[in-house]
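A short write-up of the structure that comes next.
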């Protein structure tokens, strides 16, 4: 899982710092490492959620597009659609990145710095790559859930597997102007409510707000002093980050979905500090000062995501004690209910088959798997002991009902998972 971190490192250093920014950035390695050390980025290490895996495509595509705008290079702008389309196809939650970049490109079309043909080519390539990657998955989702873009647009498609909402997971998101202003303060103080299920502290979004305010101030001052009303590339990057922040917060609000854009915040902050006039006497000293100030703000109060794991492997022992007397063999099966339970499936050290009969969203080949285990001794592993709940789940697939249950203590103590699970034996109706 180190590969995306290494790729992001080279993209940030070589494409953004060396090619995109007009001013010289001192201590570039330090600044890039700071960009890659946010709570969200570090939490993705050895994590299967995929947000870090997607980030090189987002950063590379965004870097090409901004560099194309800077150099009036239509080829770079169109080529940027390739990695961005891949990112969108692999994880459609990055649509806000395309939306924000489209607005910027459309602005430059209006100001005649980008041709309408370039924008149309960019849009076509994005759409084509997205469909080429995601179409098979969309057809699968349509078959399994009745919604080809599941879980989005479910108020329209009305899949029974998800609430009838179009875009939002109502547990997350920024719903008002005050949310957009207060959430960065909450994150900096260790309260990620509305952006994450797990606790962490990170000042990067607050640093983003301060940087954008300072950037706006610099633009106003510069516009009063001369006819030039922008600060070149830093202005374009700041506008993009602002435009990305709004749809991300309103539609999603989940911190890891903002991961790729979050990596650009230290670069923006450092560049803004350089433009505050600190470089008038000694540019190198001021440049180093800007990086060190940015690094201090980003790392001094940042904490890692608390997964709630005590590291004692106590559940391994608990599972062995609970499962050993059952004498599970090839004629047994364990049905896993209540996602998320995948993180403990490796602890079931037995020849019995394990099947997710009540997964989070989809149930790939579930009927075929249940036919294979027909007639075997069946157990359920669940967070609940409500026999009516378990029986209703079992009766969807087989004529079974729960019998006796025993408690298994876990070594995960967080808001995502209860501290115990229940292993229940079933019997025929």
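Okay, here's what the table says:
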{"item": "124, 20 arranged by Cβ crowding within 10 Å, fewest neighbours leading", "result": "124, 20"}
{"item": "Order of 204, 171, 225, 13 under a 10 Å beta carbon neighbour criterion, fewest first", "result": "225, 171, 13, 204"}
{"item": "Ranked by how many other beta carbons lie within 10 Å on average, peptides 132-138, 24-30 from highest", "result": "24-30, 132-138"}
{"item": "Gyration tensor (alpha-carbon) shape descriptor, the stretch 13-111, a/c threshold 1.5", "result": "oblate"}
{"item": "Cα gyration tensor category, rounded, prolate or oblate, for the stretch 3-299 with a/c compared to 1.5", "result": "prolate"}
{"item": "Extended-chain gain in nm, criterion 0.36 nm per residue less alpha-carbon gap, residue 6 and residue 153", "result": "49.4 nm"}
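Every number here is computed from the coordinates shown, using simple stated rules; none is lab data. Because the structure is predicted, anything quoted here is derived from the model rather than measured. Note: ideal-geometry Cβ built from the backbone for every residue, glycine included; neighbour counts use all protein chains shown.
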